[in-house]
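Notes to accompany the following structure.
Bear in mind these aren't lab numbers, they're just calculated from the coordinates by the rules spelled out. What you are looking at is a predicted structure, and each value in this text was computed from that prediction instead of being measured. When we count neighbours, we look across all protein chains shown, and the Cβ atoms used for this are built from the backbone with ideal geometry, even at glycine.
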Amino acid sequence: MQNFQDSFSDHLVLQILSMSKDAVAVYTTPDLHIRFASEAMLYIWGKDASVLGKTLEEAIPELEGQPFAGLMKNVWKTGVTHSGTGRAADLKVDGKLQTFYFDYEYRAITGEDGRTICILHTATNVTERLRAQRVIAEKATSETQLRLELAASNQEMQLVNQELQTANETLVDSSNKLAESQSYLSSIMDKAPIGICILKGADHVIEVANETILKAWGRTAAEVLGKPHHEARPELKGQEVYRWLDEVFQTGITKINNEISVMLKDGDGLRQAYVNSVYQATRGKKGEITGVVVILEEITEKVIQRREADRIQDMFNLAVKAGEMGTFYYDPRTNLFSANETLKAWFGLPGERMMDLTLALNAIKEEDRQQVVDGIKRALTFGSGGQFDTEYTIIHPETSAPRMVKAKGRAFFDSEGNALSLNGTLIDITEPKREQQRKNDFIAMVSHELKTPLSSMKLYLELLQQHAGQQQDPVASGTLVKAVRQVKKMVVMINSFLNVSRLEAGKMSIEKQQFNMKDLFAEIEEETQTTVTSHLLTYQIETAMVNADREKISQVVHNLISNATKYSPAKTPVTINCYREDNYVIVSVTDKGIGVKKEDRERLFEQYYRVDADKGEQVSGFGIGLYLSAEIISRHDGDIWVESEPGKGSSFFFKISAIDLPG
Ligand code: ADP
C-alpha cells in the first residue's frame, strides 16, 4: 500500500478511474471493503454511493449464495487474476431480483513483496448482447432447419425433374416419329398462307408441296409429288429457277429473291407472276446437304396494284408538268396559298411562293367569285366532308382572256377539327364548255327553224281532222288524231330546246301571275286525255293559290307526266297529286316503272344526263326535260327531287311557295 501511495495519490487514481466509462470498483481489504465504485458499477449493482466503505457482502447482500465474493477473496489471497465471460449474476435492481450477464475481471494489484494491495474489479453488462446472440442462435437453428427442409424438397424436385425428363424424352421420341411421317408435316404446312415445298436430293424430288404453293404453281399435288422438280414443272425451262435450286443444293448458300418476275403455269398457258422467295438447303445429321426448302409468297396482285398507282401518279405528274393542270395549297390560318406555275400563269399571279388568297380571288370573274369563296368556306367547315368542287371563270388580269376551270380539292383537319389546309387541282374546261355551247347554239337554231313549219303543220292537220270529221271518214279521223298527237309532242320538245338555249343565254324569263293550281291541273287533265292513252292517269288535286309562271309550271308537270309514261310499262297507273303543306304547294307524279338507281338520282337534273339503260330498254330522249324543269323550279325558289325504288317505280316531286288570298 505504501508503494502504491508513493507513486500515485489515492485521489489521482480514483479520478482516473471515475473517468472510465466502464464499470470499475476497487477493494482495499481482504474482506473486500469497497474503496471506490464508478457510476457505471453502481448502476450495475442497482445501488448508490452509500455502499462505499462497506464490504461487498454488506453492500450487496443478495450475492450471498453466489460465488463472486469467494472468488474475489481468493484473488486477494493468491494474487491471481480471475475473469469470466457471460456469467449470470442475480442482482436486486429497482427492488427486484434479476439475472444479468457479465464479462468481468478481478485483478489483484500487488506490491513488490507480492502481497495484494487492492483488487481492481471491472465489469461489462452483456445481458443485451447475449440476448441478441440468443436470438441469432435461435434464428440460426431455424435456418438450419429450413435448409434441411429445402434440401429435402430439392431432392424431391430432382426426382420430379427426372420424371419430367423421361416424359420429355418420350415426347421428343414420339414427336420425332411423327415428324418423320410426311402426313404430319404436310398437315402443318398445308394450310399455311405461304407457299412451302421440300425437295430432296440432287434431282430435287418434290416431297412436300402445300396448297398455297400448288396454287401458285398452277399444279395439283398428284402432278408433282414424288417427281423431280424439273419433270414436275417443265414450264420453268429457260427460267432461272432450275439453276437456283442446283446452286443452293451444291453450295448450301441460301438464296433470297425479292419481287422477281416468273412465268407460272396457268391453265394451258403461262402467266406472269411476281413472287418473294427463299431457297434454303436442308441438312442431315452430319451437316451434309440433303435437299432444298422453298418458301414462296406470291405478290402479283400487290405489285400490279402498286404499279398501277405509280402509273396514275406518273400521269398526274406529267399532266401537272405539261401545264394541263393547276395545283394549289391553301392555309386558312395564314390566308396564304401557293400554286404551281400553271395555275399562276392562268391567274396572272406573280412568281412568289406564298401569296394572299385575295390576289387569286381577284382574278375570278366577278359573278363567280362569291360562289368560290362560299365553296372554300364550306370545305373548310369541319363535318362538311371537306370536299371542294366548283366551276368558274378566270379573267386574266393582263389579257382579260376568260378561262373556264373546274376546281376540285379537299380540306384537311387536325384532331380538334381545325382546318389545316385545302389542297386541290384545277383543270381547264374552256374547250369542253365551248363545245357544249356550240351544241346548244346548234340545237337552238334548228329548233327555231323547225318551230314555224311545225306550227303550220299542226294547223293543217287540225283542219284536215275537222274535214275528215265532216266527211265521216273514221280511218282518216283516227289517223289524223294520232298525227296531231305526234306533232304536239314535237312542239313540246322543240319548246324545251328553245327554253334550254334561252336558259343558257340567260334569257329565260319568268313571268309570274297569281293562279289556282286546281285550274291549271284541270287544263292539263283535259290535254292528257287526248295525248296520253297508254297509261291510266289519276289526278288528286287540291285548291292552292300560287304566284308563278303558269306556262312554265305547266311545262314542268307535262315533263314529269311524259317521263312517267316513258319509263313505265303501258297500262300501268300514273298518279298526279297536288296538295298544300304549310306554306308550300307540293306536286308529285308517281309511276310504277323502272325506277332510278341511287347513284343516278342526284344527277338526273343535270343537262343531257341520261341513265345508262340496260340493252333493249333504251327510250328516246335527250336528257333535257328534267334539267329544264329543275331550272324552272329553282327560278321559283322551289325544290325538285325524286324518290324511287329501282324496279318498283318513282315519284318526282316539286314544291313552290303557296299564297293566301284574302277571303
Ligand atoms: P330524257 O329526255 O332522257 O327523258 P329527262 O331529263 O327528262 O331526259 O330525264 C333524264 C333521265 O332521267 C332519263 O333519261 C331517264 O333515265 C331518267 N328518268 C326520268 N324520269 C324517269 C322516271 N319517271 N322513271 C325512271 N327514270 C326516269
Suppose the chain between Phe316 and Lys408 were pulled fully straight at 0.36 nm per residue; how much longer would it get relative to their current alpha carbon spacing? 31.7 nm
Return the lysines within reach of Lys365: Cα separation strictly under 23 angstrom, same-chain partners fewer than 8 residues apart disregarded; answer none if there are no such residues. Lys344, Lys377, Lys406, Lys408, Lys433, Lys507
Distance histogram in 5 Å bins (all Cα pairs of segment 271-350, percent per bin): 3, 11, 11, 10, 9, 8, 8, 7, 6, 6, 5, 4, 4, 4, 2, 1
For segment 452-529: rounded, prolate or oblate by the Cα gyration tensor [a/c cutoff 1.5]: oblate
Cα-based helix-to-principal-axis angle, 241-251 vs the chain, degrees rounded to 10: 10 degrees
So what is Rg over Rh here for the chain, counting just Cα atoms and using Kirkwood for Rh? 1.47
Lysines whose Cα lies under 20 Å from that of Lys597, excluding same-chain neighbours fewer than 8 positions away: Lys566, Lys615, Lys648
Approximate spin-label separation Glu602-Ser455, in nm, with each point projected 7 Å along Cα-to-Cβ: 4.2 nm
Can you find, among Ala401, Gly386, Tyr584, the residue sitting farthest towards the positive end of the charge dipole of the chain, where Lys and Arg contribute +1 and Asp and Glu -1 at Cβ? Ala401
The extension gain from Met263 to Lys92, computed as 0.36 nm times the residue separation minus the Cα-Cα distance, is 50.6 nm
State to the nearest 20 debye the size of the charge dipole of the chain about its Cα centre, where the only charges are +1 on K and R beta carbons and -1 on D and E beta carbons. 1460 debye
What's the Kirkwood radius of segment 91-136 in Å, using all Cα pairs? 13.1 Å
Using packing as a proxy for protection, rank 564-570, 603-609, 263-269 so that the peptide with the highest average count of other Cβ atoms within 10 Å comes first. 564-570, 603-609, 263-269
With a ≥ b ≥ c the root eigenvalues of the C-alpha gyration tensor of segment 27-96, is it rounded (a/c under 1.5), prolate (a/b larger than b/c) or oblate? oblate
Using alpha carbons only, how many degrees (0 to 90, rounded to 10) separate the axis of helix 366-379 from the longest principal axis of the chain? 40 degrees
Just the number, please: Stokes-Einstein D of segment 443-490 in µm²/s, Kirkwood Rh from C-alpha pairs, 37 °C, 0.692 mPa s. 289 µm²/s
So, in Å, what gap is there between the alpha-carbon centers of segment 478-505 and segment 53-91? 148 Å
Grab the alpha carbons of segment 229-305, take their convex hull, and tell me the volume per residue in Å³. 93 Å³
Additional length obtainable on full extension of the chain from Val491 to Val446, 0.36 nm per residue less Cα span: 14.9 nm
So if we plug the beta-carbon distance of Asp22 and Gln155 into 1/(1 + (r/R0)^6) with R0 = 45 Å, what FRET efficiency do we get, rounded to 0.05? 0.30
Give me the lysines in straight-line cross-link reach of Lys655: C-alpha distance below 22 Å, same-chain residues under 8 apart excluded. Lys512, Lys518, Lys552, Lys592, Lys598
Taking the mean number of other Cβ atoms within 10 Å as a proxy for protection, how do you rank 649-658, 238-247 from highest to lowest? 649-658, 238-247
Approximate shape of segment 306-376 as ellipsoid semi-axes (Cα gyration tensor, √5λ), whole Å, largest first: 26, 14, 13
So, in nm, how far is label Val303 from label Arg635 when the simple model puts each one 7 Å beyond its Cα toward the Cβ? 6.1 nm
Using Cα atoms only, what is the angle between the long axis of helix 127-180 and the major principal axis of the chain, expressed in degrees (0 to 90) to the nearest 10? 40 degrees
Apply the Kirkwood formula to segment 354-494: the hydrodynamic radius equals the inverse of the mean of 1/r over all pairs of different alpha-carbon atoms; give it in Å with one decimal. 20.1 Å
Top positive-direction residue, dipole computed over segment 48-95 with Cβ charges, set Thr81, Gly53, Gly95: Thr81
Cβ-Cβ FRET estimate between Gln371 and Phe622, R0 fixed at 22 Å, reported to 0.05: 0.20
Ratio of the Cα radius of gyration of segment 484-529 to 2.2 N^0.38 Å, where N counts its residues: 1.45
Taking a quarter of the surface of the convex hull around the Cα atoms of segment 358-424, what do you get in nm²? 4.5 nm²
Which value results when the Cα radius of gyration for segment 263-409 is divided by 2.2 N^0.38 Å? 1.84
In whole Hz, with x marking every Gly and Pro, tabulate ³J(HN,Hα) for segment 66-82 from phi via Karplus 6.51 cos²θ - 1.76 cosθ + 1.60, θ = phi - 60°. 10, x, 5, 4, x, 4, 5, 4, 5, 4, 4, 5, 8, x, 9, 4, 10
Stokes-Einstein translational diffusion, segment 59-146 - Kirkwood Rh over all Cα pairs, 0.890 mPa s, 25 °C, in µm²/s: 162 µm²/s
Listed highest first by mean packing, meaning other Cβ atoms within 10 Å per residue, what order do 113-119, 471-477 come in? 113-119, 471-477
What value, in deg cm²/dmol to 500, does the helix sum -39500 (n - 2.57) over DSSP H runs of n ≥ 4 give at 222 nm once divided by the residues of the chain? -14500 deg cm²/dmol
